[in-house]
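Engineer: Below you'll find the structure I mean.
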Amino acid sequence: MKSALSEFEKLTINALGNYPPSRVALLQKELGIVTIGDLLNHIPIRYLDKTANINIADLQPNSGQVQVRGRIESVEIIGARNSQRLKATLCDLTGCMELVWFRSIPWVKKSLSIGQVYTVFGRVSEFKNVFSMSHPELQVFDAEKKEEVKGYIPVYPLTEKLKASKIDSKFIAQLTKAAINHVNFDMPEFIPKRIIEKLELPSRAIAYKTIHFPDRLGDAKKSYERFKFEEVFLFQLRNERTRLNRITNSVGPKIVKPGYFFNEFYNKHLPFALTEAQKRVIKEIWADMKSGVQMNRLLQGDVGSGKTIVAFIAMLLAIDNGYQACMLAPTEILSQQHFESLKEWATPIGLKVALLTGSTSNKERTEMLEELASGKLSLITGTHAILEDRVVFSKLGLVIIDEQHRFGVAQRAKLWLKSNPSPHILVMTATPIPRTLAMTVHGESEHSIIDELPAGRKPIITAHKQEKERIALMSFIKNEISKGRQIYFVYPLINESASLEFKNLMDGYDVVESFFPTPEYRISIVHGQMRPEDKEKEMMRFKNGISHIMVATTVIEVGVNVPNASVMVIENADRFGLSQLHQLRGRVGRGAEQSYCILMTENELGKSAQERMSAMVKSNDGFEIAKIDLKQRGPGDLLGTKQSGLPDFKFLDLVKDEYFIFLGKQAAAYVLREDPTLSKPENAMLKRYLLSHSKDNFWSKIS
Ligand code: ADP
Ligand code: MG
C-alpha cells in the first residue's frame, strides 16, 4: 500500500548524517524517534527568544530569558573562600550588568577576555537595581562572522536519561534542522487543498518548518493550529464516515405513523404540558425512526429536564408500528423507578409494562420471556438482565439506554443482535457533558439536547456550610420537616473499602439521630451493603413519606425521584466531583416547594475543592457545571471510563479548543458530503493517508 508520507519521512534518522549509534538508539528508546517523520513530530514545548538583543537599560526584573550584547569591562573573584563567585561586568551603550558564576570559576575566568564583545543569553534577575545573569550562555561576537544562533530556539521535551547522556534540545534541533533543510517546502499534503485555502492553514512542509524554527512566534502558533485542525479533522472524518455508513447502509425499523397508544396518551393522558425542548426532541427522534435508517441518537438534558417522558413517547411510536421497545438502566433502583413512571403513564392507555432485573423471580421471568418472544408484551424496562441471551424479542424496534456510560460497547452490541433489522438506539446521558466533548466522544451519533427545564420549577438554592454551622443547619432542617418536607443526608464513599464507607455512614447516622430522635422522627438508611430488597423497602418507606430523613451513600445518586424531598445535605462535599454533586442536587427541586442543597465541608479546603463549592453555589446549570468539571478533571475522568473511545490527542485540547472541534467536524462533514468515497482526485492523498494510518481496514471498505 502506498503511503501518503514522503519516502523521506519514512527513512530512519541515520539518513540525516553520521550520528553515534548509541545516541540514535537512545532517542528511539526514550522518545520513540525512529524515522525522520517521528523526529518532525517531536514538537518543541517552547522557544528561547534570541531574535534580538535587549538594551541593558531596558531590562526588566521579570523579563525571563533574554539576549544581551556587550563588552566585558571587568572580571573578579569575590566572596569568602567557601562562597566564592566569579563576577564579570558587561556593558553596552545604555548601561552595565553583572554576569555571575558559582561553579567552574577558574575555567570561566581563563576563557573571558576583558574588552571583548560577547553575546550572552540567560535568565535575568535584579537586586538593588543591579541586573545580573548567572551562568549565562556566552558567545564571542565576531562582526565578520555570521552568527550561529539566532531567532527563536526550540526547546524540546526530554527525559532525564537523555539529559544524563548529553542529548539536549540543541542536538535534537540540529537533527531536525537537517531534516527540514532536506524537505525544503516540498512535502505531500493530505488535507484537501480547498480546505487548506479556505482556512488559510500553512501547508504541511511550512507547518513543520515554522513549528520547529519560527521567525515569529505567531507563525509557530499558526503551525500548531494546523496540526490541531489536522488531528481533529482526521478523527472526525472517521466518525462522520461511520455515521454516513449507518445512514446509507443500515435499514432501521420503520416507525412511520402514530397510532392508538401515541394518540391516546398525547391527546388525553399527558400528565403535564411538555416543554418546547421536549417537543422538539420528540420530533427529532421521530424523524430518525421514520427515515428507514437505524437511529443512533444521543439525548442530553440536565437532571430533571424530563428525558423519561420523551423516551416513553418514542416507545409508544414504536409500539404503534408493531414493534417492541425496551429501556435499560444501570441499577435496580433506577429500573424500578423507570418502571413506576412508565406504569403510571402506560396503564391509563391500557398498555402493559414489565420490569426485568436480577431479582425478578423465576416464575415471573419465565412468563415475561414467553410474552416477549411471542410479542404479547411490547414494553419492558430493566437492568443488564435484559441483555442475557435467553431474552428473545419477537420484534424489537427501539432501545433506550439511560446513563450509557455504565454500559460497555460489547453489551451494547448484544442489543444490535436482538433483532433484524437492528433496533433504533436512543442513548440518554445521566449528566450532560459539554457539547464539544459530546461531538468528539459521540461523534458518530446524532445529538438532541433538552435545554429547558419544565416550567414552574423553583431553582434550587445551594449553600456551602462548614461544620461549625451544623447546629443552625439542623434547626433549619427541623423547620423544613415541620412543614412536611423530607430530607436527604448523603455521605461519600471515603475509599475503596466498603467497611470504612459503612462506618462513615453509621457515624453520620448517629449524628443525625442525635438531632432527630425517634419516635418523633423516622430515619431511613440505604447503603451499598444492604440486600436489594431491603434497599428497596427503605427507599419505598422514604418515597411514601413514612420516614422524614434518608441517610444514604451515593447509591441514591442517580434518578431517584421523591418530589416531596426539599433538602439535600451532602456531607464531606469536597470529596465529590462536580458532576456528581450536581447529580445529587438533582434529587431535590422535583416538587413545587423551594428546595435547598447544602454542601457540608471541613473548615479548611484546598483550592480546587473551594472552586467546586463556588461553582455549585453559583450555577444550577448542568452544562455549565460539566464545563468546569471538564477543566478540573479532564475528559477521561469526567466520562468516568477509560474506554471512552477518546484518542490521545497530541495537539488538541478538548477543554480549550472548542473552535477547532467545530471546525474539524464541519470540514469532515463537508469533504464526505461532496465525495463520500473519497474518490475525487483532490482527495486522493487524504484517502491514501487514511488507508495507511488506520489500524483497521476501515477506510478500505468504503471504495
Ligand atoms: P431526567 O431528565 O433527569 O431523567 P425525569 O424524566 O426523571 O428527568 O423528570 C423529572 C421530573 O419532571 C419527573 O417527575 C417528570 O415526571 C417531571 N416532568 C418531566 N417533564 C415535565 C414537564 N414538561 N412538565 C412538568 N413536569 C415534568
Ligand atoms: Mg433520568
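Engineer: Sort LEU654, LEU16 so that the residue with the fewest other Cβ atoms within 10 Å of its own Cβ comes first and the one with the most comes last. Intermediate results must be reported in sequence, preceding the final value.
Structural biologist: On the way: LEU654 22, LEU16 19.
In increasing order of surrounding Cβ atoms, one gets LEU16, LEU654.
Engineer: About its Cα centre, what dipole magnitude does the stretch 259-335 give when the only charges are +1 on Lys and Arg Cβ and -1 on Asp and Glu Cβ, stated in debye to the nearest 20? Please report the intermediate quantities before stating the final value.
Structural biologist: Details: 7 positive and 7 negative charges, 37 e Å.
It comes to approximately 180 debye.
Engineer: What is the dipole size for the stretch 355-454, taken about its Cα centre, with +1 at each Lys and Arg Cβ and -1 at each Asp and Glu Cβ, in debye to the nearest 20?
Structural biologist: Numbers: 10 positive and 12 negative charges, 60 e Å.
Dipole size: approximately 300 debye.
Engineer: How much net charge surrounds LYS279 when only the other residues with a Cβ under 14 Å from the Cβ of LYS279 are counted, with Lys and Arg +1 and Asp and Glu -1? All intermediate terms of the calculation are to be shown ahead of the outcome.
Structural biologist: Numbers: positive: ARG280, LYS283, LYS307; negative: GLU276, GLU284, ASP451, GLU452.
Here the charged neighbours net out to -1.
Engineer: Another one. Compute the angle between helix 217-249 and the longest alpha-carbon principal axis of the chain, please, reported from 0 to 90 degrees and rounded to the nearest 10.
Structural biologist: Computed tilt is about 30 degrees.
Engineer: Would you please give the residues with an amide H less than 5 Å from that of LYS395, counting only those at least 5 places away or on a separate chain, with H modeled from the backbone geometry?
Structural biologist: GLN324
Engineer: Along the three principal axes, how long is the stretch 502-577 when you take its alpha carbons, biggest first, rounded to the nearest angstrom?
Structural biologist: Here the Cα extents, ordered largest to smallest, are 31, 28, 26 Å.
Engineer: Using the alpha carbon gyration tensor of the stretch 95-147, what are the three equivalent-ellipsoid semi-axes (square root of 5 times each eigenvalue), largest first, in whole Å?
Structural biologist: Working: eigenvalues 83, 47, 21 Å².
The answer is 20, 15, 10 Å, longest axis first.
Engineer: Can you find, among LEU334, PRO676, VAL392, the residue sitting farthest towards the positive end of the charge dipole of the chain, where Lys and Arg contribute +1 and Asp and Glu -1 at Cβ?
Structural biologist: Final value for the positive-end residue is PRO676.
Engineer: Is there a pair in LYS198/LYS222; LYS468/LYS631; LYS50/LYS161; LYS150/LYS222; LYS221/LYS656; LYS198/LYS228 whose C-alpha atoms are over 19 Å apart, and which pairs would that be?
Structural biologist: LYS468/LYS631; LYS50/LYS161; LYS150/LYS222
Engineer: Sorted by packing (mean other beta-carbon atoms within 10 Å per residue), highest first, where do 161-174, 302-315 land? Please report the intermediate quantities before stating the final value.
Structural biologist: On the way: 161-174: 15.6, 302-315: 23.1.
Most protected by this proxy first, the peptides run 302-315, 161-174.
Engineer: Now, a different point. Normalise the Cα radius of gyration of the stretch 50-126 by 2.2 N^0.38 Å (N = residues in it) and let me know the number.
Structural biologist: Normalised Rg, Cα atoms only: 1.11.
Engineer: Grab the beta carbon distance between GLU604 and LYS150, set R0 = 51 Å, and tell me the FRET efficiency rounded to 0.05. Don't skip to the answer; put the middle values down first.
Structural biologist: Working: r = 51 Å, r/R0 = 1.01.
For GLU604 and LYS150, the calculated efficiency is 0.50.
Engineer: Still on this structure, please answer the following. Quick one: helix 307-320 against the long Cα principal axis of the chain, what's the angle to the nearest 10°, folded into 0 to 90?
Structural biologist: That works out to roughly 60 degrees.
Engineer: Moving to a separate point now. Sorted from fewest to most neighbouring beta carbons within 10 Å, what does the list GLU674, GLU30, GLU197 look like?
Structural biologist: By the 10 Å Cβ count, ascending: GLU197, GLU674, GLU30.
Engineer: Quick one: which residues, 5+ away or cross-chain, put their amide H under 5 Å from the amide H of VAL117? H built at 1.01 Å from N.
Structural biologist: PHE141
Engineer: Extending each Cα 7 Å along its Cβ direction at LYS110 and ARG46, get the distance between those two points in nm, one decimal.
Structural biologist: Taking the simple label geometry, LYS110 and ARG46 are separated by 3.5 nm.
Engineer: Okay, next question. For the charge dipole of the stretch 461-619, defined by +1 on Lys and Arg C-beta atoms and -1 on Asp and Glu C-beta atoms about the Cα centroid, which residue among SER619, ILE598, SER514 has the Cα displaced farthest towards the positive pole?
Structural biologist: Value computed over the given set: SER619.
Engineer: Give a residue-ordered list of calculated ³J(HN,Hα) values for the stretch 511-527 (Karplus: 6.51 cos²θ - 1.76 cosθ + 1.60, θ = phi - 60°; whole Hz; x for Gly, Pro).
Structural biologist: 4, 4, 5, 5, 7, 10, x, 6, x, 4, 10, 10, 10, 9, 9, 9, 8
Engineer: How large is the Kirkwood hydrodynamic radius of the stretch 314-438, in angstrom, based on all distinct alpha carbon pairs?
Structural biologist: Answer for the stretch 314-438: a Kirkwood hydrodynamic radius of 14.7 Å.
Engineer: Determine the dipole magnitude for the stretch 52-149: charges of +1 sit on the beta-carbon of Lys and Arg, -1 on that of Asp and Glu, nothing else is charged, the reference point is the Cα centre, and the result goes in debye to the nearest 20.
Structural biologist: Here the stretch 52-149 has a charge dipole of around 460 debye.
Engineer: Let me ask another. Assuming R0 = 60 Å, what is the FRET efficiency of LYS290 and LYS170, from their Cβ-Cβ distance, to the nearest 0.05? The partial results should precede the final answer.
Structural biologist: Values: r = 64 Å, r/R0 = 1.07.
After rounding, the FRET efficiency stands at 0.40.
Engineer: While we're looking at this one, here's another question. Once you put a point 7 Å from the Cα of GLN666 and another 7 Å from the Cα of ARG412, both along the Cβ direction, what distance in nm separates them?
Structural biologist: Calculated label separation equals 2.7 nm.
Engineer: Mind running the shape call on the stretch 461-619? Use the C-alpha gyration tensor, a ≥ b ≥ c as the square roots of the eigenvalues: rounded below 1.5 for a/c, prolate if a/b tops b/c, oblate otherwise.
Structural biologist: Working: a/c = 1.40, a/b = 1.18, b/c = 1.18.
It comes out rounded by the Cα gyration axes.
Engineer: Quick one: order TRP286, TRP107 by neighbouring beta-carbon count within 10 Å, fewest to most. Intermediate results must be reported in sequence, preceding the final value.
Structural biologist: Working: TRP286 19, TRP107 10.
Fewest to most other Cβ atoms nearby, the residues stand as TRP107, TRP286.
Engineer: Ordered by residue, what ³J(HN,Hα) values in Hz, to whole numbers, does the stretch 175-186 give under the Karplus form 6.51 cos²θ - 1.76 cosθ + 1.60, where θ = phi - 60° and Gly and Pro are x?
Structural biologist: Couplings: 4, 4, 4, 4, 5, 4, 4, 5, 5, 6, 6, 10 Hz.
Engineer: Report the gain in length on full extension from GLU513 to GLU340: 0.36 nm times residue separation, minus Cα-Cα distance, nm rounded to one decimal. Spell out each step's value before the answer.
Structural biologist: Numbers: separation 173, 0.36 × 173 = 62.28 nm, distance 3.08 nm.
That works out to 59.2 nm of additional length.
Engineer: What residues qualify as long-range amide H neighbours of ASN296, i.e. H under 5 Å apart, gap of 5 or more or another chain, H built at 1.01 Å from N?
Structural biologist: Placed amide hydrogens put ILE425, GLU446 under 5 Å from ASN296.
Engineer: Please express the shape of the chain as an equivalent ellipsoid: the semi-axes are the square roots of 5 times the eigenvalues of the C-alpha gyration tensor, given largest first in whole angstrom. Each step should come with its number before you reach the end.
Structural biologist: Working: eigenvalues 726, 277, 83 Å².
Each semi-axis is √(5λ); the values are 60, 37, 20 Å.
Engineer: Set the Förster distance to 30 Å, then compute FRET efficiency between PHE8 and GLU674 from the Cβ-Cβ distance, nearest 0.05. Spell out each step's value before the answer.
Structural biologist: Numbers: r = 31 Å, r/R0 = 1.03.
In this case the efficiency is close to 0.45.
Engineer: Could I ask something else about it? For the pair ASP186/VAL34, report the inter-label distance in nm, with labels modelled 7 Å from Cα in the Cβ direction.
Structural biologist: Inter-label distance under the simple model: 2.7 nm.
Engineer: Please list 3J(HN,Hα) in residue order for the stretch 371-383, calculated via the Karplus relation 6.51 cos²θ - 1.76 cosθ + 1.60 where θ = phi - 60°; whole Hz, with x for glycine and proline.
Structural biologist: Karplus values, whole Hz, x for Gly and Pro: 5, 5, 5, 7, x, 6, 9, 10, 10, 9, 10, x, 9.
Engineer: Another question, if that's okay. Any chance you could give the angle, 0 to 90 degrees and rounded to 10, that helix 684-693 forms with the longest Cα principal axis of the chain?
Structural biologist: Helix 684-693 sits at roughly 80 degrees to that axis.
The numbers here are math on the coordinates, done by the rules we state, and not lab data. Owing to the predicted nature of the structure, the values given are computational and were not obtained by experimental measurement. No Cβ is skipped: glycine too gets one built from the backbone with ideal geometry, and neighbour counts run over all protein chains shown.
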